[in-house]
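The values are calculated or read from the model by the stated rules, or taken from the named source; none is laboratory data. Everything numeric in this text was worked out from a predicted model, so none of it was measured. Ideal geometry is used to build each Cβ from the backbone, glycine not excepted, and the neighbour counts take in all protein chains shown. The accessibility values were calculated without ligands, DNA or RNA, using every heavy atom of the protein model including side chains. Shrake-Rupley method; radii C 1.70, N 1.55, O 1.52, S 1.80 Å.
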Amino acid sequence: MTDTLSQYSVLALYSAMAIYAIAFVLFTLDLAKGASDDSAAVGEAKKVAVVPERRKLARVAMALTVIGFLLQLAATVMRGLAASRVPWANMYEFAMTGTLVIVGVFLLVNLKWDIKFLGSFVTGLVLLLLGLAATRYYVEIAPLPPALQSYWLVIHVFVATLATGFFALGFALSLMQLLQGKRESAVAAGEKTRLAFLTRLPDSVQLENFAYRLIIIGFVLWTFTLIAGAIWAEKAWGRYWGWDTKEVWTFIIWTIYAGYIHARSTRGWRGSRSAWLAMVGFAAVMFNFTVVNIFFKGLHAYSGL
């Protein structure tokens, strides 16, 4: 039964990746279509709607993303059932669950704000991470190490993963903010720009506000992650903090985002400076998830490789 569920999990995951690939193409075509539709407006100052126009390709891509999410959810649940535990105990499972949460946060936020324009980034990132996980980091189901046999595995890792989902969207919005700011400067100067597709997106100020709100949520979750990790460490190893590589990088990420929030709210850091700081923060998150998990040894070496 365990082997069967594991095989079905892999099949469902590859099916989800195929659906995400189609959605990625449609999201990208939607942006390209927007660029050609708005080409006449290039070089002219015009207001950008806060809620972009709903386009058919984007709607189809969103529907496919939902289907891909459900397939990936099924793959993750089956992996957990096969292992008789939560499915985030090694690098392969981290990638499976982490990307599932990123897609879930994207779909959830779309219920409040229309951010379909991030679809290419979200599906592209998920495809990249799942592709690496499935081809390089897949491992068979194995028993948990003693330190992971705790309810804190459920709480600590899930909250960290949820925070990563919000940080990912904050990164994408900050990147769009930089590009939009560049386009707006070119338009104001009467210059031509190749960023015409951005005319369908919110202006740079609104993009920055979206990013800030999502990063605030991610930061609160990451703060809980840091505290929960210390409590778990005391129960598992008899100390709250030991300067393990994973602990250090978790704190570095917290510091970067704390600096971002502080600089933006009290120092008046707006525009490109805040966007770059948000992007540096997510780069640190990805470094922590990939390089630290795989190449650094320590008490948190749970990649399963």
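Among the residues of region 250-272, those identified as open to solvent by 40 Å² or more (accessible area, probe 1.4 Å) and at pLDDT below 90 are H262, S265, T266, R267, G268, W269, R270, S272. In this structure, E191 qualifies as part of a loop (DSSP other than H, G, I, E, B) and touching a residue at least 24 places away in the same chain (Cβ under 8 Å).
Right, G242: open to solvent by 20 Å² or more (accessible area, probe 1.4 Å) and on the phi > 0 side of the Ramachandran plot or not? Judged against the criteria, G242 is not a match. Is it the case that some residue within region 183-190 is over 17 Å from F282 (Cα atoms), open to solvent by 40 Å² or more (accessible area, probe 1.4 Å) and in contact with a Phe, Trp or Tyr (Cβ under 9 Å, 6 or more places away or on another chain)? The answer is no; no qualifying residue exists. Of all residues in region 133-160, those being of a type in the set (S, T, Y), more than 17 Å from T99 (Cα to Cα) and without any contact (Cβ under 8 Å) to a residue 60 or more places away in the chain number 1.
Results for (1) among the basic types (K, R); (2) in contact with a strand residue (DSSP E or B) (Cβ under 8 Å, 6 or more places away or on another chain); (3) at pLDDT 95 or above, shown as yes or no for each residue.
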site: A40; (1), (2), (3): no, no, no
site: K56; (1), (2), (3): yes, no, no
site: V60; (1), (2), (3): no, no, yes
site: A63; (1), (2), (3): no, no, yes
site: L71; (1), (2), (3): no, no, yes
